[in-house]
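Each value in this text was obtained by applying a stated rule to the coordinates, not by laboratory testing. What you see is a predicted model, and the numbers here were worked out from it, not measured in a lab. Cβ atoms come from the backbone with ideal geometry, glycine included; neighbour counts cover every protein chain shown.
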Ligand SMILES: Cc1ncc(COP(=O)(O)O)c(C=O)c1O
């Protein structure tokens with residue numbers, strides 16, 4: 001089945017007369033479990049399972065290419081960060097994590113904190129330099145032995161660097177490391193890291209999967225029985241579970257993922273093209289435009305081969321410094337000045353306003369999360385905002 005059809009038709013209640021078309025939300029903290037002769041109750045308690053999780057979990061696993069999504073559903077977590085934390089716990093105490101120089105700053109801050117407390121050692125690398133990443137995983141620089149986990153994000157937030165997932169995964173496995181890929185920016189409709197060899201995929205479901213900026217939720221996906229057991233046990237014991245309402249909203253959002261992505265990716269590609277043309281012609285005060293779909297993007301060829309469903313819906317522009325970028329944000333009427341991404345509405349944010357953002361991210365970089373509005377309205381607002389900001 002094509003993903004577009006799967007998104008709409010999977011995880012529906014059985015077709016019976018008068019059955020609801022959508023599974024209702026199961027608000028319950030516990031389940032009837034008196035079964036003296038059975039192997040044991042399956043659900044038991046609301047921290048271990050909830051029927052409302054099943055739909056989005058099985059659908060996401062199927063989208064990511066898990067062979068048996070009923071046996072190994074995705075695991076919903078209370079946030080993307082909770083899923084990241086669970087995946088990092090797959091590393092042993094004192095283990096070494098090789099992680100991107102640029103990536104979601106919350107994840108980088110968590111790595112910093114785990115390093116400071118001595119739980120893990122962390123080595124940050126330029127994930128576009130495949131040889132350097134492989135060396136870091138295998139040899140470990142000053143540290144001892146190979147890495148426990150190669151942590152990847154592609155494209156990276158917010159620099160939109162693209163990692164060679166297949167090559168890096170193969171080399172990491174040869175060195176004995178697990179590979180975890182944050183697939184939030186791409187979504188499984190654009191790239192499927194498990195099929196390129198990754199062991200675990202994590203998502204901020206908050207973003208494209210739920211898609212309407214009304215839910216905070218995360219997920220971890222794996223096709224490995226042992227890793228699935230460990231991630232499931234971590235979720236149950238640490239308790240960062242999804243609320244049933246959030247799980248319901250995630251499934252409802254995923255129903256339209258293909259359509260939303262089709263429009264937002266087309267908008268992003270068109271805006272990147274127009275912005276880059278305006279930069280070259282000098283008609284807008286833009287210093288740089290980055291989008292993996294632009295032929296000038298340093299990893300464009302790799303992105304075209306690896307991201308089979310498009311180039312994503314995020315692009316960045318670099319203005320001449322923080323003040324110029326802030327002025328653009330203030331002068332936009334339609335784009336919403338807000339953090340996050342992946343919703344139907346277009347959002348804009350100067351990323352270096354956060355202390356945790358690496359200093360190598362340009363101070364004037366604006367991250368544009370492109371929504372599903374008409375592209376001409378987005379374009380006119382951007383042009384007007386940039387021109388008004390330049391006039392002061
Ligand atoms: C790439 C990426 N991964 C993970 C997260 C964290 O997800 P959440 O905010 O759902 O905890 C984010 C949030 O912005 C993100 O952009």
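Tabulated values for the structure
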| item | result |
| --- | --- |
| Burial ranking of peptide ranges 316-326, 152-162 (average Cβ count within 10 Å, highest at the top) | 152-162, 316-326 |
| Packing rank of 116-128, 74-86, where each peptide gets the mean count of other beta carbons within 10 Å, highest leading | 74-86, 116-128 |
| Cα centroid of segment 178-243 to Cα centroid of segment 72-110, whole Å | 10 Å |
| Cα shape, the chain, gyration tensor, a/c 1.5 rule | oblate |
| Helical contribution to [θ] at 222 nm, DSSP H n ≥ 4, -39,500 (n - 2.57), averaged over the chain, rounded to 500 | -11500 deg cm²/dmol |
| Packing-based order for 369-376, 219-226, 297-304, 278-285, using average beta carbon neighbours within 10 Å, highest first | 219-226, 369-376, 297-304, 278-285 |
